[in-house]
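Presented below is the structure to which this report refers.
The values are calculated or read from the model by the stated rules, or taken from the named source; none is laboratory data. From a predicted model like this one, the values you see are computed outputs, not experimental measurements. A quick note on method: Cβ atoms are made from the backbone with ideal geometry, for glycine too, and the neighbour counts reach across all protein chains shown. The protein model used for the area step is the full one, side chains on, heavy atoms only, and it has no ligands, DNA or RNA in it. Shrake-Rupley method; radii C 1.70, N 1.55, O 1.52, S 1.80 Å.
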Amino acid sequence: MESNSPAKKIWVRFKRNKPALGGLIFILLLLVMGILGYVITPDQSPMANSMHLQLSNKKPGRSFQFLVVSTKTHVQKAGLLEKMMYGQEPAIKSIPITAYRISGNRLLVKEYIGDDEEAAESSYPIIGSPEEFIPKHIYRQTFLLGTDGYGRDLLSRLILGVRVSLSVGLIAVVISMSIGVSLGALAGYFGGTTDAAISWLMNVIWSLPSLLLVIAISFALGKGFWQIFIAVGLSTWVDVARLVRGQVMAIKEAEFVEAARALGFPAQRILLKHILPNIAGPILVIASANFASAILLETGLSFLGFGAQPPMPSWGSMIQENYGYIVMDAAYLAILPGMAIMLTVYAFNLMAIGLRDAFDIKAQNISV
């Protein structure tokens, strides 16, 4: 019956673990934010890179008036999907102002140049009636989490940073799973010389610090967003291979595997159809843990300048840009992306623990 299926039982056990379920919900919320992207960011320009240097390091919740000083007529309006993925190129150029008044057919404004300074009035022509001109050319924007050193909206860059972390984690896990499961299964099933050669390779990679290995691979591949996927994936497969090797060595002596050999099934079919499905639980657990490790490696690389390159928003690069403000009155610039990293990694670790308990790896039953 469906209610007694193994998947149903695993899900029921997982739901009982409230911290793990909370971690899963948090990850799903991050996933939704990453998919929607620019649709939900206050700054919808590509990379959330609209700069107002006058507004650098403004506190969370500050609100400013802006005057539209020019309009680009050649900017094409992006569709919903395109806007979601790549943002919308700004069609206007604006400046922050502190006050404005109308004098005849001229608009007199005072540009914002600082909290303690006052600029002289600048004059702009009013085209049409003031009642139509003002709403189209003056607007107010609130920076809920403040601005960074370049006057960019911090909330928008934090939201877009979700994409970098989750995409690096996903692709890196796919790469590490592909390599680790393949090599671990071959070593555990065939043993002998194959096992010795693969184990030697695993021990060599295991002896190298992960961050140094990723940096070395990044040097070889070059700096960039796609290179970081490969670098992190190639440095995290050893844990997977060691786990799979041990699991395959334990299960290959089971009666149903011996029966499959007796029937003349090839090794490829035995591994894919009989052995690997029975060790899916441990593989899912380590995949979840590796996701968290990949995010930490990516943020470390971005902090060192080897990861996502500016102006692409990355939590690691945001900390690198703003860690000097920790001892000043703008510590939130580094603390907020640091909290985002901590909560994301913690959520994945909680989910990994929940999966481990749900699958009950140490006492799981082997099924044909």
Accessible-area composition of the chain, carbon plus sulfur, in percent [1.4 Å probe]: 63 percent
Kyte-Doolittle mean at least -0.5 and Cα axial length at least 15 Å: DSSP H helices in the chain: 18-36, 154-190, 192-206, 210-221, 225-235, 237-251, 280-304, 332-359
Inter-site label distance for Ser182 and Lys223 at 7 Å from Cα along Cβ, in nm: 3.1 nm
Stokes-Einstein D (µm²/s) once Rh is taken as the Kirkwood radius of the chain over alpha-carbon pairs, at 37 °C in 0.692 mPa s: 136 µm²/s
Amide H partners (placed H, <5 Å) of Ser94, local residues excluded: Val69
For q = 0.11, 0.15, 0.16 Å⁻¹, Debye-computed log10 I/I(0) when each Cα of region 36-137 counts as one equal scatterer: -0.44, -0.77, -0.86
Surface/4 of the Cα convex hull for region 90-209, nm²: 13.5 nm²
Accessible area (Å², per residue) of region 15-65, counting only protein heavy atoms and a probe of 1.4 Å: 52 Å²
Helical mean residue ellipticity (222 nm; -39500 (n - 2.57) per DSSP H run of 4+; nearest 500) of the chain: -18500 deg cm²/dmol
Dipole of the chain, positive end: most advanced residue of Leu211, Tyr189, Ala120 [Cβ charges, Cα centre]: Tyr189
Relative contact order computed over the chain (Cα-Cα under 8 Å; 6+ residues apart), in percent: 21 percent
Top positive-direction residue, dipole computed over region 1-124 with Cβ charges, set Asn57, Gln44, Asn17: Asn17
For region 34-62 and region 210-233, distance of Cα centres in Å: 28 Å
Nearest-0.05 FRET efficiency for Met339 and Leu144, computed from C-beta distance (R0 22 Å): 0.90
Residues in region 231-249 that a label on Val204 would reach, taking backbone N under 15 Å of a point 7 Å out along Cα→Cβ: 235, 238
For region 264-368, accessible area per residue (1.4 Å probe, heavy atoms of protein chains only), Å²: 46 Å²
Stretch gain in nm, segment Glu253-Tyr346, where the contour uses 0.36 nm per residue and the Cα spacing is subtracted: 29.8 nm
